[in-house]
Amino acid sequence: MVTINGKTYKGNNLSMINNKVFIDGKEVTGDDSDSKVINIKIEGNIETLSIDCCDKLDVIGDCGVVNSKNGNISISGNVNGDVTNKNGNISCGNVSGDVDNKNGNISHR
């Protein structure tokens with residue numbers, strides 16, 4: 001389950017591009033797409049997490065692949081693939097794949 005600014009959706013792949021949120025390839029941002037703050041909470045496992053910019057993103061579960069350009073991401077579980085981070089911090093459990101980090105920290109619990 002994915003909760004975006006209080007609205008709940010179901011899906012396996014989440015992308016955020018140009019302040020618009022897509023779940024399994026379908027835009028779900030709706031009328032608040034011009035909102036300056038987008039908070040995302042994912043409850044359960046997600047296969048692909050691709051974010052260009054976010055204020056707060058929490059994953060309560062595991063991720064397959066994580067790609068982040070800007071923003072801080074907290075993953076309570078493990079990452080079962082690669083993590084790519086350009087700006088911002090990522091906090092997660094074990095990472096099974098490669099880690100590529102430009103600016104920010106990737107911390108392992």
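Rounded to the nearest 10 square angstrom, I38 shows an accessible area of 0 square angstrom against a 1.4 Å probe. Across segment 78-90, computed HN-Hα scalar couplings (Karplus, 6.51 cos²θ - 1.76 cosθ + 1.60, θ = phi - 60°) run 9, 10, 8, x, 8, 10, 10, 9, 9, 9, x, 10, 10 Hz from first to last residue, x flagging Gly and Pro. Extension gain, D100-M1: 0.36 nm per intervening residue step, less the Cα-Cα distance, totals 32.9 nm.
For segment 1-88, the solvent-accessible area of protein heavy atoms averages 51 Å² per residue (probe radius 1.4 Å; ligands and nucleic acids excluded).
Each label was represented as a point 7 Å from its Cα along the Cα-to-Cβ direction; for D52 and S76 these points are 3.0 nm apart. In the chain, the portion of solvent-accessible area held by carbon and sulfur atoms comes to 43 percent [1.4 Å probe, whole percent, DNA, RNA and ligands not counted].
Efficiency by 1/(1 + (r/R0)^6): what FRET value for D24 and S107, r their Cβ-Cβ distance, R0 = 30 Å, to the nearest 0.05? According to the calculation, E is roughly 0.55.
The values are calculated or read from the model by the stated rules, or taken from the named source; none is laboratory data. Keep in mind that this is a model prediction, so the values were computed, not measured. No Cβ is skipped: glycine too gets one built from the backbone with ideal geometry, and neighbour counts run over all protein chains shown. Note: accessible area is taken over every heavy atom of the protein model, side chains too, but ligands, DNA and RNA are not part of it. Shrake-Rupley method; radii C 1.70, N 1.55, O 1.52, S 1.80 Å.
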